[in-house]
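Notes follow the structure.
The values are calculated or read from the model by the stated rules, or taken from the named source; none is laboratory data. Bear in mind that the values here come from a model prediction, so they are computed numbers and not experimental data. Virtual Cβ from ideal backbone geometry, glycine too; neighbours counted across all protein chains shown.
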DNA sequence: TGCAAAGCTCATATGCTCATGATAATATCA
DNA sequence: TGATATTATCATGAGCATATGAGCTTTGCA
């Protein structure tokens, strides 16, 4: 559904948001298992898109340019998927030129539209909240095992 | 969303169903603009999956193995997409191993499930009916232009 | 019985996504 | 000011989905 690259971007942003401050490429790559060089490129794109800020040099890294409530998932996706990602019909836009819908169009359109609305309405904050809920459920049993995904200290 | 190959398969099946009988690769390729050799391979796969029958030699071609009411779209898709097509989470199955859902999982699951149900519930016949409805709307204005997509004579 | 039509099969090419590696630019700090 | 840490940028490669091309096999028909 989503490209690997989009999924990397989402995952990286979740980790950055959780880190309550700056996070550098190496650390994010370790935590997410995303190849480091590739991740650098992805974060750079997110920077140009206005989702991340960055600084170089010692102590540098990336951080969210906006609070996660103001980062809808669709912005992340649009950075890496081509423009027709949501415009495309079941049979492809070739079979379905403007104004001459193909046989599948009307049936498929509601599905696409609902998916698009999901990505528009859901924000990075929603994902963080969901992750927090999961941790509350499973947390006590595996806190001692040392996974340091703490969500505290986020100042938004 | 769907791979090019799946979309080719869908499109070809629509054309075959409309042809009310046999259709050969060359004709289908011309009508759909799908590369002929590639189409041949796709139809062969659909044959092995039990969706098409074929015969060789002069006058040979492909035809539906079942009435279109009994061909759900999901069967077509499963022939060309990998098994995890609907199992996959927003962040990918790597981030989301069995029994340990990722942050996005619960939010995304309903979207995937609804999409899966669409492909299960919608049949080739539904696409044909939709195409017929479109033609009824726009038909009179462009019938003289010679597009011979007649739907008559289907004996199912 | 031989030719032509059509599907079948395999080998190869191409283009894109994903990934790697090296180097440059910039920032911090002793 | 030099050593180090970190992002920025560019060149290159790997692998897969997509596509092409050629020859093989089967079938129908004159």
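Taking the criterion of being in contact with a strand residue (DSSP E or B) (Cβ under 7 Å, 6 or more places away or on another chain), farther than 19 Å from residue A:110 by Cβ and within 14 Å of chain A (Cβ to nearest Cβ), would at least one residue in the range B:72-90 satisfy it? No, there is no match, as no residue in the range B:72-90 is in contact with a strand residue (DSSP E or B) (Cβ under 7 Å, 6 or more places away or on another chain), farther than 19 Å from residue A:110 by Cβ and within 14 Å of chain A (Cβ to nearest Cβ). Checked against the criterion of being more than 23 Å from residue B:127 (Cα to Cα) and either in contact (Cβ under 8 Å) with a residue 24 or more places away in the chain or in a helix (DSSP H, G or I) (or both), the candidates B:29, B:109 yield just one match: B:109. Looking for something surrounded by 13 or more Cβ atoms within 10 Å (Cβ to Cβ), within 16 Å of DNA strand D (Cβ to nearest atom) and within 14 Å of chain A (Cβ to nearest Cβ) - is there at least one such residue anywhere in the range B:49-68? Taking every residue of the range B:49-68 in turn, none turns out to be surrounded by 13 or more Cβ atoms within 10 Å (Cβ to Cβ), within 16 Å of DNA strand D (Cβ to nearest atom) and within 14 Å of chain A (Cβ to nearest Cβ). Residues in the range A:4-26 that are assigned to a loop (DSSP other than H, G, I, E, B) and either surrounded by 20 or more Cβ atoms within 10 Å (Cβ to Cβ) or at pLDDT 95 or above (or both): how many? Of the residues in the range A:4-26, 2 are assigned to a loop (DSSP other than H, G, I, E, B) and either surrounded by 20 or more Cβ atoms within 10 Å (Cβ to Cβ) or at pLDDT 95 or above (or both). If you go through the range B:1-18 and pick out every residue that is over 16 Å from residue B:71 (Cβ atoms) and either within 11 Å of DNA strand C (Cβ to nearest atom) or in contact with a strand residue (DSSP E or B) (Cβ under 8 Å, 6 or more places away or on another chain) (or both), you end up with 1.
For residue B:99, state whether it is away from every other protein chain (no Cβ under 12 Å) and either modelled with pLDDT of 90 or more or surrounded by fewer than 19 Cβ atoms within 10 Å (Cβ to Cβ) (or both). So residue B:99 fails the test.
Look at (1) surrounded by fewer than 17 Cβ atoms within 10 Å (Cβ to Cβ); (2) within 16 Å of DNA strand C (Cβ to nearest atom); (3) at pLDDT below 95 and you find that residue A:78 fails only one, number (3).
Residues considered: A:60, A:21. Of these, the only one that is near DNA strand C (Cβ under 9 Å from one of its atoms) and more than 25 Å from residue A:111 (Cα to Cα) is A:60. State whether one or more residues within the range B:118-126 are within 11 Å of chain A (Cβ to nearest Cβ) and either modelled with pLDDT under 85 or over 23 Å from the mean Cα position of the chain (by Cα) (or both). Looking through the range B:118-126, none of the residues is within 11 Å of chain A (Cβ to nearest Cβ) and either modelled with pLDDT under 85 or over 23 Å from the mean Cα position of the chain (by Cα) (or both). Taken over the range A:32-48, the residue count meeting the criterion of being without any contact (Cβ under 8 Å) to a residue 24 or more places away in the chain, within 12 Å of DNA strand D (Cβ to nearest atom) and closer than 20 Å to residue B:94 by Cβ is 5. Here is the figure for the range B:50-84: residues that are within 13 Å of the chain's Cα centre (by Cα), more than 14 Å from residue B:17 (Cα to Cα) and part of a loop (DSSP other than H, G, I, E, B) total 3.
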